[in-house]
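Report on the following structure.
The values are calculated or read from the model by the stated rules, or taken from the named source; none is laboratory data. None of the values given here were measured: they were computed from a predicted structure. Reconstructed Cβ throughout: ideal geometry from the backbone, glycine too, with neighbour counts over all protein chains shown.
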């Protein structure tokens, strides 16, 4: 494999770094940090250390408490009569542990370099956190976690972080929830995300953002959330004619566990188990008896539901894709499976996805306990013997991948299967459904799940000591988030190829020796197998 080495353009990085940090713009006035919206006036703050104007806490929906538990987000209440709302404060995470969480959690933070109405509107990034659809939080004290991205775009972006409900509060499935519509909703966590996107389309221009240049981004379950939002847009009626709520999407290691119909036995078990653990009883023994369990759950103690949710989450350790907390096909927001994108179009302008070489190994049993022949049917219980034989043939005992010259142990073999089913093939299908599309693989050891995030989600000394990878990898992400194209503002020498279009049959590759482009010799065929098996899995 020929190596395409990155040649660092030091002057370009210096210019961006200087623009973003050293030559910070004049501090904004209190008046410039006060933004009037149609439901309230919000007072932001300014961090001179990071040259960031920020509104750390903005309500984007009504608190989902009381009768609104398990319901999709409702419009935020009016704050017009209470004076100026102090947005320079943290907010609670949604329920997931015993402290610092609350059902009153539908807030977002907004971060931008100082801006005035005389300046052009800037591209907008809406970032969804990961956490397995079980946990996560969007509250930050400046800087935000995308600060390296902010720097490499010269501060020419608006970053929005919304909270969204997780576990039972955001993803409680079951026919009881569906039957209670519109008083209850399936997938309210995804609806929270969509509400944050719609909030941005309506209000972000008041802060300096361009509502026509919104890109959504996330890693792990945040990346899975990106896929869910793309899938929802692709499934909307008359979607070919309707304007998209966002222009582009970036998914890093998008976590997409098996996604069942809301009333499937696997999904229904979740509802029944939550109700039983919380003390709301079991399903009525006779069809004519009323089922009061959902009403009971709506008034149950928040910590009792949280405890039941975590119990269920822990019940499938190392078999996450069997089913824990995840979106469901609900017939309203999510109307079709993700595998449908493998041969369809989502309608978004641009899509970029990344995955890591060995990240599947994080989700399988420890090596000493792994018997491949017993693990495989446990992981894929709905497949027939001939299907499992096809999987074993596609992933042989001694095999290879695009970036693994040869593997000889069952841990890598099982890890590749898990990676492709839950992460890499969802990444490929999503990216390929976009108008312009790119795919990349991260192989710097250990190349496990989240091994790559220190390049772009935190301030890290390696950004200065290893500019080759920082410019090549983080720079490509920053260029995409700012322009919808990872090559539009690349920081490497112009003679060096950038991120290849997926239509070329190649992917971007990052390893310890530098950056290159790799032929997709295995992944496309392996994902075609999973697409053919998707209805049985389901994917």
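Restricted to region 364-444, the set of helices (runs of 4 or more DSSP H) holding at least 2 residues that are farther than 15 Å from residue 523 by Cβ comprises 372-379, 385-394, 410-419. Quick one: count up the residues across region 28-52 that are under 27 Å from the mean Cα position of the chain (by Cα) and modelled with pLDDT of 95 or more. The number of residues fulfilling the criteria is 1.
Pairing each residue of region 29-51 that is within 14 Å of residue 76 (Cβ to Cβ) with any residue that is in a strand (DSSP E or B), provided the two are 6+ apart or on different chains, yields C-beta distances under 6 Å for 40/85; 42/35; 42/55; 42/58; 42/85. Scanning region 284-295 for residues that are surrounded by 12 or more Cβ atoms within 10 Å (Cβ to Cβ), free of Cβ contacts under 8 Å to residues at least 40 places away in the same chain and closer than 16 Å to residue 178 by Cα returns 292, 295. The residues of region 86-105 that are in a loop (DSSP other than H, G, I, E, B), touching a strand residue (DSSP E or B) at 6+ places or on another chain (Cβ under 6 Å) and either in contact (Cβ under 8 Å) with a residue 40 or more places away in the chain or over 29 Å from residue 27 (Cα atoms) (or both), listed by number, are 87, 88, 91, 92, 95. Of the residues making up region 168-192, those that are out of contact with any helix residue (DSSP H, G or I) (no Cβ under 6 Å at 6 or more places or on another chain), in a helix (DSSP H, G or I) and touching a residue at least 60 places away in the same chain (Cβ under 8 Å) are 169, 175, 177, 178, 191, 192.
Filtering region 111-140 to residues that are touching a strand residue (DSSP E or B) at 6+ places or on another chain (Cβ under 9 Å), farther than 30 Å from residue 310 by Cβ and in a loop (DSSP other than H, G, I, E, B) leaves 113, 114, 115, 120, 121. When 232, 248 are screened for being under 25 Å from the mean Cα position of the chain (by Cα), over 24 Å from residue 420 (Cβ atoms), in contact (Cβ under 8 Å) with a residue 24 or more places away in the chain and surrounded by 21 or more Cβ atoms within 10 Å (Cβ to Cβ), only 248 passes. Please determine, by comparing only the residues of region 137-173 that are closer than 30 Å to residue 69 by Cβ and surrounded by fewer than 22 Cβ atoms within 10 Å (Cβ to Cβ), which one is modelled with the highest pLDDT. Checked region 137-173; the qualifying residue modelled with the highest pLDDT is 137. Going through (1) more than 24 Å from residue 220 (Cβ to Cβ); (2) touching a residue at least 12 places away in the same chain (Cβ under 8 Å); (3) touching a strand residue (DSSP E or B) at 6+ places or on another chain (Cβ under 9 Å) one by one, residue 398 falls short only on (2). The set of residues from region 53-85 being under 23 Å from the mean Cα position of the chain (by Cα) and at positive phi comprises just one member, 70. For residue 222, are the conditions met, namely being part of a strand (DSSP E or B), in contact with a strand residue (DSSP E or B) (Cβ under 7 Å, 6 or more places away or on another chain), under 18 Å from residue 187 (Cβ atoms) and at pLDDT 95 or above? So residue 222 fails the test. For region 76-86, the criterion of a residue being more than 29 Å from residue 190 (Cβ to Cβ) and modelled with pLDDT of 95 or more is satisfied by at least one position. Selection of region 90-107 for residues being within 18 Å of residue 34 (Cα to Cα) and at pLDDT below 95 yields only 90. Every condition in (1) in a loop (DSSP other than H, G, I, E, B); (2) surrounded by 18 or more Cβ atoms within 10 Å (Cβ to Cβ) holds for residue 108 except the one numbered (1). A residue that is over 18 Å from residue 221 (Cα atoms), in contact with a helix residue (DSSP H, G or I) (Cβ under 7 Å, 6 or more places away or on another chain) and buried (at least 23 other Cβ atoms within 10 Å of the Cβ) occurs somewhere in region 117-127.
With respect to residue 198, is the statement that it is closer than 24 Å to residue 95 by Cα, more than 16 Å from the chain's Cα centre (by Cα) and free of Cβ contacts under 8 Å to residues at least 60 places away in the same chain true? In short, yes. Any residue in region 153-162 that is more than 12 Å from the chain's Cα centre (by Cα), over 24 Å from residue 478 (Cβ atoms) and outside any helix (DSSP H, G or I)? Among the residues of region 153-162, not one is more than 12 Å from the chain's Cα centre (by Cα), over 24 Å from residue 478 (Cβ atoms) and outside any helix (DSSP H, G or I), which makes the answer no.
Highlighted here are the helices (runs of 4 or more DSSP H) found entirely within region 459-539 that include at least 2 residues which are within 24 Å of the chain's Cα centre (by Cα) and at pLDDT 95 or above: 475-483, 523-533.
Residue 255 versus (1) at pLDDT 95 or above; (2) more than 19 Å from the chain's Cα centre (by Cα); (3) not in a helix (DSSP H, G or I): which is the lone unmet condition? Residue 255 satisfies every listed condition except (2).
The conditions of being touching a helix residue (DSSP H, G or I) at 6+ places or on another chain (Cβ under 7 Å), buried (at least 22 other Cβ atoms within 10 Å of the Cβ) and over 30 Å from residue 386 (Cα atoms) are not met by residue 428.
Considering (1) at pLDDT 90 or above; (2) touching a helix residue (DSSP H, G or I) at 6+ places or on another chain (Cβ under 6 Å); (3) part of a loop (DSSP other than H, G, I, E, B); (4) surrounded by 21 or more Cβ atoms within 10 Å (Cβ to Cβ), the lone condition that residue 339 does not fulfil carries the number (3).
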